[in-house]
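Okay, structure first, notes after.
The values are calculated or read from the model by the stated rules, or taken from the named source; none is laboratory data. Since the model is a prediction, treat every value here as computed from it, not as a measurement. Heads up, the Cβs are rebuilt from the backbone with ideal geometry, glycines too, and the neighbour counts pull from every protein chain shown. Surface areas here come from the heavy atoms of the whole protein model, side chains and all, with no ligands, DNA or RNA. Shrake-Rupley method; radii C 1.70, N 1.55, O 1.52, S 1.80 Å.
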Amino acid sequence: MTVSAAPAPAAATPVKPASLLTRMRDSDIWHSFRSSPLTMLAAFVVLALALAALFAPVLAIMNPFDPAQVFLMDANIPPRWSEGGDERFIFGTDDQGRDLYSAILYGMRVSLMIGLGGVFLAATIGITLGLVAGYVGGRTDAIIMRVADVQLTFPAILVALLIDGVVHALLKGIPREQTVFGVLILSIGLSFWVQYARTIRGSTLVEKNKDYVQAARLVGMSTPVIMLRHILPNVIGPVLVILTINIGLAIITEATLSFLGVGLPATQPSLGTLISIGNKYLFSGDWWIVAFPGFTLALFVLAVNLLGDWLRDALNPRLR
Amino acid sequence: MLAFILRRLMQSVLVLLSVALIAFAMFRFVGDPVNQLVSLDTPAEQVRQIRESLGLDDPVIVQFLRYVANAAQMEFGISYQFRQPVTTLLAERAPATLELAFVSALFSLLVGIPMGVYTALRRDGVLARVFQAVSLVGVSLPTFLIGILLIYLFAVTLGWLPSFGRGETVKISGSWSTGLLTWSGLKALVLPAVTLGLFQMTLIMRLVRAEMLEVLRTDYIKFARARGLSTRAVHFGHALKNTLVPVITIAGLQLGSIIAFAIITETVFQWPGMGVLFLKAVQNVDIPIMAAYLVMISALFVVINLAVDLLYAMVDPRLRATLKGA
């Protein structure tokens, strides 16, 4: 049979390749998303909060990081609707006279930035090491996986605390304000990489014996090209779920570090810093400083976790 | 069985040695230990003497072996902030942390297991759904926020329970002072223990539920029902018993992270334990305490891991058989 023997009608009305949008709309995952109201609500909350954080400078009534806009006279004002509230401050103010609504927007920005940065660093480290361990094997594999095993016995928060302490000790002399962002991202990145490495290594071990990898090797492709161009796209799927769930965890970790006083200082507050400030004033009855940032943090993490749970179930073929 | 134990022991020693290496590297290379002990106007000759007396001029491998030997005798050097032996500082605070961790682990098991069993048996009940929802919220709330919430509710608003400290403590045998024997000590323990145990409780509840649902589907449960055993005997005699094997593992492993997470709870409740000490060390770059805490926690993890593995082998007959065969 020759190629020209293809049926004529098909040639007359060529089938247009489905656009990305239609393909997405017809996919199982979109269907499962649309049939779960809770997931849609969670996605809406995540999107709304992320947009609010992104456009903080537009939405906020003041920049809480700018000392020139903050007046100590306005300190500890309760929310607008309660007694003693001020027209200007819908959620009240904190101990330095910062508008809480603005501080939450900016704080969420910082929390998100560090959380996402940390998770991406963790994923990059973990994916790289997992690919190398799985593909190269041998002693390299043994060393990487032993390190992973040892680290897995420690909770992430402990590792993050230790890294934070050590890095700050090494960077003595540089003011904390300049290093704190990088150090936080680094400590989160180095505390969460293990899960990625193990997942990627497991699937790489399966993939590397398949024919297409052997073929690529025969053609004479270099090892890095095979790992990145051919194996990586085939093993990256499960990482998506870990990534989503880890974003919630990373934001909690950042907030916890800031709460414990080793994260962001009071001059550049994240949600954790705001909660930590509020905690000091809880006993004098100033509940709002802790309540609104705390609620925002919990809402965001809950929504991200719901999305992660849904994604895990939706991508798991065994549950279909 | 003996070969299995020996192999696990070897692995544990290796893990401990590598952690000791990290701790030693921190101790030796992050900040100069001598600089922390002398002031700016200490004569150079004296500085040299201190270096020599600390053995800092020896080859690094000798120094490492000395560090390990000292660590094995619970000797971790002098704290930079307190000018006291680290071991004394840790020993003073260990009882507070261990009591807190033990009580919260107990709480998470005693509440988590029944909740898990209930949600598995009455899967569609209203209460089961409430438990499920609460557990999801519990996982999403950071520990410190739960602590603050509980303080606001039970200490500030209702005034039922104290919000900080250990209450009255009683000294029993040597350096161990316990808060478990006085009324105020017990009252002070409630909020921190619940805060610390809540996450583990939700974890255990979800685990028991999932395992229980799995077990209830198996053939031997169907057979037990067919034999005409009472529902109670099937649920608790057969299903629950088989559910508990993985629960033991997870609960054991979680005991280690409870102690690590105690850092947060202790900070919220100003609980005078090891966690607060460690946090102060991180803030003030007190490397000897950080290194010692790292070694101690990892030793604890390793011991728990080992115990869990052995317990597992004893509880699970299938595993016991393969071990004997091997």
HN-Hα couplings for the range B:11-26 via Karplus (6.51, -1.76, 1.60; θ = phi - 60°), in whole Hz with x for Gly/Pro, come out as 4, 4, 4, 4, 4, 4, 5, 5, 5, 4, 5, 4, 4, 5, 4, 4
For the pair B and A, the solvent-accessible area buried on both sides (1.4 Å probe; DNA, RNA and ligands excluded), in Å² to the nearest hundred, is 3100
Just by accessible area at a 1.4 angstrom probe, what is the order of B:F261, B:F102, B:F76, B:F199 from largest to smallest?
B:F102, B:F199, B:F261, B:F76
Sequence of A:Y281, B:Y293, B:Y80, B:Y220 when ordered by accessible area, the most exposed leading, probe 1.4 angstrom
B:Y220, A:Y281, B:Y80, B:Y293
For B:S177, other-chain or 5+-apart residues with amide H closer than 5 Å (H placed, Pro excluded) are B:I172
Give me the inter-chain shielding for B:245-257: mean count of other chain Cβ atoms within 10 Å, whole number please.
1
Where a label projected 7 Å from the Cα of B:L311 along Cα→Cβ would reach, residues of the range B:232-262 with amide N under 19 Å
B:240-262
Ignore the peptide's own chain and count Cβ atoms of other chains within 10 Å of each Cβ in A:148-160; give me the average, rounded.
5
Quick one: dipole size for the range B:86-272, taken about the Cα centre, charges +1 on Lys/Arg Cβ and -1 on Asp/Glu Cβ, in debye to the nearest 20.
740
Efficiency by 1/(1 + (r/R0)^6): what FRET value for A:N209 and A:A48, r their Cβ-Cβ distance, R0 = 41 Å, to the nearest 0.05?
0.35
Report, in debye and to the nearest 20, how large the dipole of chain B comes out about its Cα centre when Lys and Arg carry +1 and Asp and Glu carry -1 on their Cβ.
1700
Quickly estimate the mean residue ellipticity at 222 nm for the protein assembly as shown, helices only: each DSSP H run with n ≥ 4 gives -39500 (n - 2.57), and the total goes over all residues, rounded to 500.
-23500 deg cm²/dmol
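To the nearest 0.05, what FRET efficiency results for A:I143 and A:D95 with a Förster distance of 41 Å applied to their C-beta separation? Walk me through the numbers before you get to the answer.
Numbers: r = 49 Å, r/R0 = 1.20.
Efficiency at R0 = 41 Å is approximately 0.25.
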If R₀ is 41 angstrom, what is the calculated FRET efficiency for the pair B:R227 and B:R7, using the beta carbon separation as r and rounding to 0.05?
0.50
Positive-end residue, the range B:86-272 charge dipole about Cα centroid, Cβ charges, pick of B:F144, B:L109, B:L207:
B:L207
Shielding by other protein chains, B:10-19, mean Cβ within 10 Å:
2
In whole angstrom, the spacing between the Cα centers of the range B:252-314 and the range B:212-244 equals 38
Using θ = phi - 60° and Karplus 6.51 cos²θ - 1.76 cosθ + 1.60, couplings along the range A:195-203 (whole Hz; Gly, Pro as x)
4, 5, 4, 5, 4, 4, 4, x, 6
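Above 20 Å lies some portion of the pair distances; for the range B:86-272, what is it as a whole percent of all C-alpha pairs?
Value for the range B:86-272: 60 percent of Cα pairs lie more than 20 Å apart.
Using only the heavy atoms of the protein chains and a 1.4 Å probe, how would A:L306, B:L153 rank by accessible area, largest first?
B:L153, A:L306
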If the viscosity is 1.567 mPa s and the temperature 4 °C, what Stokes-Einstein diffusion coefficient in µm²/s follows for the range A:90-202 when Rh is the Kirkwood radius over Cα pairs?
81
With a 1.4 Å probe and every protein chain left in place, work out the accessible area per residue of the protein assembly as shown in Å², rounded to a whole number.
50
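Please compute the Kirkwood hydrodynamic radius over the protein assembly as shown, one decimal place, Å, based on all pairs of different Cα atoms.
About 27.9 Å, per the Kirkwood formula over Cα pairs.
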So, counting K/R as plus one and D/E as minus one, what does the shell of residues with Cβ under 15 Å around A:L274 add up to?
-2
